[in-house]
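Below is one structure, written out as structure tokens, with a few remarks after it.
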Amino acid sequence: MESWKKIYTTRNPAEASIIQGMLEENNIPVQIMNKQSSSYLNFGDIELYVPALLEETAKQLVEQNLLN
């Protein structure tokens, strides 16, 4: 079974979706775990996970795109 690593955490669903799309465009599979409360969105986080083998590449892509 493949090991997944958390590479990014946010409270903004739109930001999570944009990062997911950018990673998928670069052929990096992404899993999103939404831990936000359905009643109070300022409680809890949205976490993005990628396969452990692609962790460093994914982190670099996220960093580069957040700086732009």
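Looking only at residues of the range 16-68 that are aromatic (Phe, Trp, Tyr) and without any contact (Cβ under 8 Å) to a residue 40 or more places away in the chain, we find that the one that is nearest to GLU2 (Cα to Cα) is PHE43.
Output the residue which, of all residues in the range 59-68 that are among the hydrophobic types (A, V, I, L, M, F, W, C) and surrounded by fewer than 16 Cβ atoms within 10 Å (Cβ to Cβ), is farthest from SER17 (Cα to Cα).
Taking the range 59-68 as the starting set, the residues that turn out to be among the hydrophobic types (A, V, I, L, M, F, W, C) are 61-62, 66-67.
Narrowing further to those that are surrounded by fewer than 16 Cβ atoms within 10 Å (Cβ to Cβ): 66-67.
Details: LEU66: 14, LEU67: 17 Å.
Within the range 59-68, the match that is farthest from SER17 (Cα to Cα) is LEU67.
Taking the range 42-58 as the range and being modelled with pLDDT under 95 and surrounded by 13 or more Cβ atoms within 10 Å (Cβ to Cβ) as the test, the residues that pass are GLY44, ASP45, ILE46.
Could you tell me whether ILE7 is surrounded by 14 or more Cβ atoms within 10 Å (Cβ to Cβ) and modelled with pLDDT under 95?
Numbers: surrounded by 14 or more Cβ atoms within 10 Å (Cβ to Cβ): yes; modelled with pLDDT under 95: no.
It is false that ILE7 is surrounded by 14 or more Cβ atoms within 10 Å (Cβ to Cβ) and modelled with pLDDT under 95.
Taken across the range 25-42, residues that are in contact with a Lys or Arg (Cβ under 7 Å, 6 or more places away or on another chain) and of a type in the set (Ser, Thr, Tyr) do not occur at all. If the condition is being under 14 Å from THR57 (Cα atoms) and out of contact with any helix residue (DSSP H, G or I) (no Cβ under 8 Å at 6 or more places or on another chain), then the range 1-19 contributes only LYS6.
The values are calculated or read from the model by the stated rules, or taken from the named source; none is laboratory data. Note that the structure is a prediction, hence the values are computed from the model and not measured. Neighbour counts run over all protein chains shown; Cβ positions are idealised from the backbone, glycine included.
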